[in-house]
Amino acid sequence: MQVGIIGGGIGGVALASVLRQKQIACRVFERAPAFGEIGAGVQMTPNAVKIIRALGLMAQMEAISFTPHAVLGRNWKSGRVMWRTPLMETCQKLYGAPFLHVHRADLHDIFVRQLSPDDVVFGARCTGIRHEGDKAVALFEDGSTFKADVIVGADGIHSAVRTALFGQEAARFTGHMCWRAVVPCNGVVDYVSPDSSFWLGPAAHVVTYYIRRGNAINIVAVSEAPHWVDESWTLPSSREELMATFAGWHPNLQRLFSQVGDVFKWGLFDRDPLSAWSKGRVTLLGDAAHPMLPFLSQGAAMAIEDAYVLGNALAAAGAEKALAFYEAERRPRTARVQLEARKRGETYHLSSRFDVWKRDLSYLVRGLINPQKTGLKADWVYDYDATAVHMPITA
Ligand SMILES: Cc1cc2nc3c(=O)[nH]c(=O)nc-3n(C[C@H](O)[C@H](O)[C@H](O)COP(=O)(O)OP(=O)(O)OC[C@H]3O[C@@H](n4cnc5c(N)ncnc54)[C@H](O)[C@@H]3O)c2cc1C
């Protein structure tokens with residue numbers, strides 16, 4: 001079997017790593033001229049770490065990651081802890097793998113190191129797809145083509161493959177703007193706790209956590225905005241704009257923000273869950289299939305789960321059966337995560353005093369009953385084990 005993968009983001013290179021381990025020939029087509037240090041921190045929750053371990057990449061993962069003590073919900077102004085979900089001492093026991101924080105580029109590199117240079121073609125922008133008998137053909141901007149038994153669109157939220165399969169449909173601006181920055185440090189500092197801290201404020205929230213074995217702090221700062229005015233979805237911003245947007249927030253955050261160098265702002269877009277991902281020998285994976293708000297920290301994790309399930313299915317069965325199984329297994333879960341991530345945005349950003357009081361009381365009560373079921377309420381996400389998903393053997 002030969003598989004063509006359009007897009008060499010986390011999802012594309014994760015799928016290529018799985019296929020290589022299964023000795024299935026594949027080639028990744030990436031529009032960029034090279035892989036670079038793109039992105040910022042990513043929280044790798046236990047459901048994703050189970051896959052990294054199954055691929056034999058745990059030693060590399062430990063070398064680049066930071067293990068947070070807990071997920072904390074904090075008041076934006078006072079810093080009061082509203083919930084504490086322990087991670088370090090519980091995740092392995094409860095979900096079968098730890099919770100780790102990494103830089104996206106470091107994680108991406110772990111997968112890329114599993115590939116040979118010939119597995120990736122750079123400067124290849126896919127513009128369309130067609131079928132020729134029982135083969136799928138990817139078409140590229142320079143007029144070249146690639147014929148394979150299966151083509152996978154792992155080309156992100158603006159997916160050309162998705163458009164080729166299901167037509168053009170604009171992604172939805174979710175009303176959120178997001179600043180991302182990474183601040184280098186020499187180990188844990190006294191004004192940023194070694195946790196995944198969710199600072200919740202009116203119409204905004206900030207997430208801080210360590211990456212790179214505690215040698216950098218990742219900042220994600222989200223604020224509601226009625227319009228995204230620029231055509232570009234990512235724009236350079238400034239420390240001043242970040243500090244002005246979050247003026248009045250807790251002094252520890254002000255201190256952290258004052259050290260920010262490069263900072264980018266993004267419009268956050270998503271889509272409704274699709275009712276189908278595949279046509280013939282072509283399917284979608286990662287953000288191309290299910291772009292989501294980052295509020296459950298699951299975009300990259302879902303792409304890695306997709307990659308593992310699809311890779312295993314292709315190793316177990318012919319293309320059509322494998323794609324049908326992959327879609328049936330993955331669509332319900334990713335749709336639920338997409339929709340739940342949207343809901344989290346609403347609860348994080350409450351403004352009225354009464355709503356905030358009710359929410360915080362519910363965090364408190366739920367936390368007293370079971371700290372894994374308060375705050376993010378993501379225990380069902382972490383519990384899933386893609387490595388235990390097997391395609392039934394059919395004649
Ligand atoms: C603020 C923020 C915080 C986040 N935090 C987390 C987190 O903590 N945990 C987590 O799991 N996820 C997180 N995510 C989500 C995560 O970054 C994405 O969901 C994930 O990177 C998607 O991977 P992907 O491979 O599907 O797509 P992408 O990473 O977008 O990769 C797509 C690739 O395809 C290439 N491409 C695009 N079009 C073409 C074309 N026509 N031809 C060829 N190549 C093409 C692109 O250049 C790119 O390399 C966050 C996202 C944001 C915005």
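Just the residues that are among the polar types (S, T, N, Q) and not in a loop (DSSP other than H, G, I, E, B), please, taken from region 13-45.
SER17, GLN21, GLN43
Of the conditions (1) closer than 30 Å to SER78 by Cα; (2) open to solvent by less than 40 Å² (accessible area, probe 1.4 Å); (3) touching a helix residue (DSSP H, G or I) at 6+ places or on another chain (Cβ under 9 Å); (4) within 13 Å of the ligand (Cβ to nearest atom), TYR209 fails just one. Which one is it?
Result: TYR209 passes all but (3).
Can you tell me which residue in region 113-158 is farthest from the ligand (Cβ to nearest atom), limited to those that are under 21 Å from the mean Cα position of the chain (by Cα) and surrounded by 16 or more Cβ atoms within 10 Å (Cβ to Cβ)?
GLN114
Is it true that some residue in region 330-338 is touching a strand residue (DSSP E or B) at 6+ places or on another chain (Cβ under 9 Å), at pLDDT below 95 and of a type outside the set (Asp, Glu)?
Within region 330-338, not a single residue is touching a strand residue (DSSP E or B) at 6+ places or on another chain (Cβ under 9 Å), at pLDDT below 95 and of a type outside the set (Asp, Glu).
Sort through PRO86, PRO68, PRO33 and tell me the only one that's within 12 Å of the ligand (Cβ to nearest atom) and open to solvent by 10 Å² or more (accessible area, probe 1.4 Å).
PRO33
Tell me whether region 319-338 contains one or more residues that are of a type in the set (A, V, I, L, M, F, W, C) and not in a helix (DSSP H, G or I).
no
Out of ARG74, ARG31, report the one residue that is in contact with a Ser or Thr (Cβ under 9 Å, 6 or more places away or on another chain) and touching a residue at least 40 places away in the same chain (Cβ under 8 Å).
It is ARG74.
Give me a count of the residues in region 20-30 that are surrounded by fewer than 24 Cβ atoms within 10 Å (Cβ to Cβ) and away from the ligand (no atom under 11 Å from the Cβ).
Total meeting the criteria: 7.
Could you give me the residue pairs with C-beta distances under 7 Å whose first residue belongs to region 203-229 and is acidic (Asp, Glu), whose second residue is more than 14 Å from the ligand (Cβ to nearest atom) wherever it lies, and which are 6+ apart or on separate chains?
If the second residue must be more than 14 Å from the ligand (Cβ to nearest atom), the pairs left are GLU224/GLY175; GLU224/ALA203; GLU224/HIS349.
Picking from ASP155, ASP190, which residue would you name as being in a loop (DSSP other than H, G, I, E, B) and touching a residue at least 40 places away in the same chain (Cβ under 8 Å)?
The unique qualifying residue is ASP155.
The values are calculated or read from the model by the stated rules, or taken from the named source; none is laboratory data. In this text the structure is predicted, and so the values were computed from the model without any measurement. Please note: Cβ atoms are built from the backbone with ideal geometry, for glycine as well, and neighbour counts cover all protein chains shown. With ligands, DNA and RNA removed, areas are computed over all heavy atoms of the protein, side chains included. Shrake-Rupley method; radii C 1.70, N 1.55, O 1.52, S 1.80 Å.
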